[in-house]
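Asker: Mind having a look at this structure? Questions to follow.
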There are 2 protein chains.
Amino acid sequence: MELDARKLQVLQAIIHDYIITAEPVGSRTVAKKYNLGISSATIRNEMSDLEEMGFLEQPHTSAGRIPSEKAYRLYVDKLMQVRSLSHHEAEYIKQLYELKILQLEEVVYQTVKVLSDITNYTSVALAPQFNEITIKHIQLVPVDKDFALLVVVTSSGILKDTLIQIPKGIDNDFLQKVSNFLNEQFRNKTFSEIDLDALSSIRQIFNENQRLFNTFVDELTRGLQEGARDKEIYLEGTTNILNFPEYQDIPRVRSFLSLMEEKDILYRILNSVKGNGVKVSIGTENPHEDLKDCSLITATYRLGERVLGTIGMIGPTRMEYSRAVSVMDHMAKALSCYLTKLYGE
Amino acid sequence: MELDARKLQVLQAIIHDYIITAEPVGSRTVAKKYNLGISSATIRNEMSDLEEMGFLEQPHTSAGRIPSEKAYRLYVDKLMQVRSLSHHEAEYIKQLYELKILQLEEVVYQTVKVLSDITNYTSVALAPQFNEITIKHIQLVPVDKDFALLVVVTSSGILKDTLIQIPKGIDNDFLQKVSNFLNEQFRNKTFSEIDLDALSSIRQIFNENQRLFNTFVDELTRGLQEGARDKEIYLEGTTNILNFPEYQDIPRVRSFLSLMEEKDILYRILNSVKGNGVKVSIGTENPHEDLKDCSLITATYRLGERVLGTIGMIGPTRMEYSRAVSVMDHMAKALSCYLTKLYGE
DNA sequence: GTTAGCACTCTCTTATATTGAGTGCTAAAA
DNA sequence: TTTTAGCACTCAATATAAGAGAGTGCTAAC
């Protein structure tokens, strides 16, 4: 059987209607609301064909039809027309980036908030990943006799700092010496290039207090590792899911919200997104079982050419793909642009 | 009418049963399960009295009774016996504080997590408040030609840092001078004692580049203000509320979860808690409308003698007060003890 | 003062129509 | 050959009715 123009029209009408109403769509509804110039009986025949081809499903005999995942896939890839942003949406985003926010992380977090506000979908982002960022400067700043702050300044003005414990008997001059050593070793390297074994050579270089040194080196190691790892997740609008008719029963809500509490899993899901542009992952295309009734729309954000992280939007499979994709596209570009302007190298 | 010993016994039995079953308790149930040596008819009479006195309520004529807020209040203040922790609970808490966590904030966050894990109630905490902490040392650490890190080290090894923008033409020597100035001005003061006007005297002291200075002073001001303000909230186990039979309908769940997303409101609620020991706030005693069916159990945590923040636990008014209060008490003390040992002055 | 007994109340459950949206098939019309 | 009107059939959702069950309140006897 062939998917001719009329079948596509009927399918598009049904998807469109279902996205709006969340109710199975019947042949009469299509005939009345969408003037395709054919009667409900003809539409019924087409619908029957479309079901046979796997684009439509019937909850039960006497109900209308709902689109299958295959239908949504076709819709997203071929059928839907990506709208441009409404005035209100564009204005909202513009306002966000007119604020002068200095913390890079804060910018991303605010982006997630706006995304969720505009779309009413749950929004999420991977915190900026620094693995590929080069280190410009390392400094140990003495805090008191027991603690020092290990400040790592990276290219792009981003910095990571960690509190580390220093053994007794190490003075400020000494910390400065170590700072110099760390700079010599790691300047212009990325976090992932850091050779932690090189740290142990501190022992040889400053061959005093051997014993105390071990814990100090361990602390430095920990500090640098922590600087590299950044699995934070920003999440907003989780309760938005309660607005959708498909989430009106507790077990579903629970499974969704539980997943949103699992930052590790969200991290993995978002981190697996690669490549350019907006990606849409529908229902069971998602890697995680609990997302089988959801769609995930993602895009990466960048600083210059470098991918820093991913932003995403989660809603029911019956989501407004057209609007969601256009907002996501616009947002990811605006964010990248803003970051590059502010922190660009 | 007087609340004699037998009435108290009956009331206690009903509260106890209702906390466990979440079902209205009838006279026969009390007679059978709790051997008070009186018949169901007598219990019925007592229950009728207790209702008249405002301790019990009847959902409808042919249902059993449920405790009123007044009953819970009495129960918490007088009737309940505070249990000691189970072996499992004590062990769990012990393990937490055997970990060596260096970041003070992280300790508090982990505490909230454990609290929610142990009790299965939603747990929440106010991030450590630094307003009353004295400043020990301030340092401007140059980051690159445009940015510097304003590091404020407080008593107790806690530190706050903020990225600030520096005007062109200010070199490292100069930053050092400013650091020295800031130290002279603000050392041994608390954040709330900082006189921001004093900052403007920098202009007179370094009477060069007058124009550039204005933005620099503004940035410093912002940085110090940010150091003082810390309205962060740690929240864990929000989905636990879905386990309770009273939260099986979506509107209730929505109102609860929406409140949990309002960090500002949670901040105000927790911040209004003062004084020593564990506090219990039942139903409409809570300041917020959406908590009218919830109870909030709170305690402050300290560093030495200084109150740093508040931890809290939220559940339905029908909560296991006895267990909740004992866990909260134990937890707040353990946290304070741990913090004082690690950061104590 | 306490308790057995019993009528009464009200929710909750189960069983039984009834309704209505929607389909699939058939036969006639285009 | 394609389209369409017509109609019987299906099935969830809604409404209605009957029954069961839990619990109370009252009365009268202990």
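Asker: Cα atoms only: what Rg and Dmax, in Å, come out for segment A:5-79?
Answerer: Spelled out, the Cα radius of gyration and Dmax of segment A:5-79 are 10.9, 30 Å.
Asker: Sort the following peptides by mean Cβ neighbour count (other Cβ atoms within 10 Å, averaged over residues), highest first: B:183-195, A:16-28.
Answerer: The most tightly packed comes first, giving A:16-28, B:183-195.
Asker: What do you get for the angle between helix B:250-261 and the principal long axis of chain B? Use alpha-carbon atoms, 0 to 90 degrees, nearest ten.
Answerer: The angle comes out at about 30 degrees.
Asker: Now a separate question. Would you mind calculating the gained length between B:T190 and B:N120 on full extension (0.36 nm times residue separation, minus the Cα-Cα distance), in nm to one decimal?
Answerer: 21.4 nm
Asker: If you don't mind, there's one more thing I want to ask. Under a point spin-label approximation (7 Å from Cα along Cα-to-Cβ), what is the A:H88-B:Q95 distance to one decimal in nm?
Answerer: 5.0 nm
Asker: I've got another one for you. Considering all projection directions equally, how large on average is the shadow of the alpha-carbon convex hull of chain A, in square nanometres?
Answerer: Across all orientations, chain A yields a mean hull projection of 21.7 nm².
Asker: Once the Cβ-Cβ distance between B:E2 and B:H60 is put in as r, and R0 is 22 Å, what FRET efficiency do you end up with, to the nearest 0.05?
Answerer: After rounding to 0.05, the efficiency reads 0.20.
Asker: A follow-up question, please. Between B:E51 and A:S272, what FRET efficiency follows from the Cβ-Cβ distance if R0 is 56 Å, with the result rounded to 0.05?
Answerer: It comes out at approximately 0.40.
Asker: Further, regarding this structure: Nearest 10 degrees, 0 to 90: what angle lies between the long axis of helix A:172-186 and the longest principal axis of chain A (Cα atoms)?
Answerer: Between the helix axis and the principal axis of chain A, the angle is about 50 degrees.
Asker: What gaps in nm, shortest first, separate B:Q95 from its twins in the other copies when you place the label 7 Å past Cα toward the beta carbon?
Answerer: Copy-to-copy label distances at B:Q95, shortest first: 4.7 nm.
Asker: Using a 7 Å offset from Cα along the direction of the beta-carbon, what are the separations from B:D264 to the same position in each other copy, nm, ascending?
Answerer: Copy-to-copy label distances for B:D264: 3.6 nm.
Asker: OK, next. Considering only Cα-Cα distances, which of the following residue pairs are longer than 27 Å: A:K136/B:K231; A:K113/A:K189; A:K231/B:K100; A:K231/A:K333; A:K341/B:K168?
Answerer: A:K136/B:K231; A:K113/A:K189
Asker: Distance in nm between label sites at A:Q81 and A:S201, each 7 Å beyond Cα in the beta-carbon direction?
Answerer: Calculated label separation equals 6.5 nm.
Asker: Moving on to the next point. Can you tell me the relative contact order of segment A:1-134? Whole percent, Cα pairs under 8 Å, sequence separation 6 or more.
Answerer: Across segment A:1-134, relative contact order equals 18 percent.
Asker: Counting pairs of alpha carbon atoms under 8 Å apart in space and at least six apart in sequence, what relative contact order in percent does chain B give?
Answerer: 19 percent
Asker: Quick check: the angle from helix B:196-205's long axis to the longest principal axis of chain B, C-alpha only, nearest 10 degrees?
Answerer: Taking the Cα atoms of chain B, the angle to B:196-205 is about 10 degrees.
Asker: Considering the alpha-carbon set of the protein assembly as shown alone, what are its Rg and its Dmax in angstrom?
Answerer: Gyration radius and largest Cα-Cα distance of the protein assembly as shown: 30.5, 92 Å.
Asker: In which sequence would A:D197, B:D293, B:D146 go, from the one with the fewest C-beta neighbours within 10 Å to the one with the most?
Answerer: A:D197, B:D146, B:D293
Asker: B:T221 to B:K33: extension gain in nm, 0.36 nm per residue of separation minus the Cα-Cα distance?
Answerer: Computed gain between B:T221 and B:K33 is 61.1 nm.
Asker: Along the charge dipole of segment A:234-345, pointing to its positive end and built from +1/-1 on Cβ of Lys, Arg, Asp and Glu, which listed residue (A:I297, A:P245, A:G275) has its Cα farthest out?
Answerer: My answer, from the dipole projection, is A:G275.
Taken together, the values in this text are just the output of simple stated rules run on the coordinates, not laboratory data. Please read all numbers here as calculations on a predicted model, not as lab measurements. In this analysis, Cβ positions are derived from the backbone assuming ideal geometry, glycine residues included, and neighbour counts consider all displayed protein chains.
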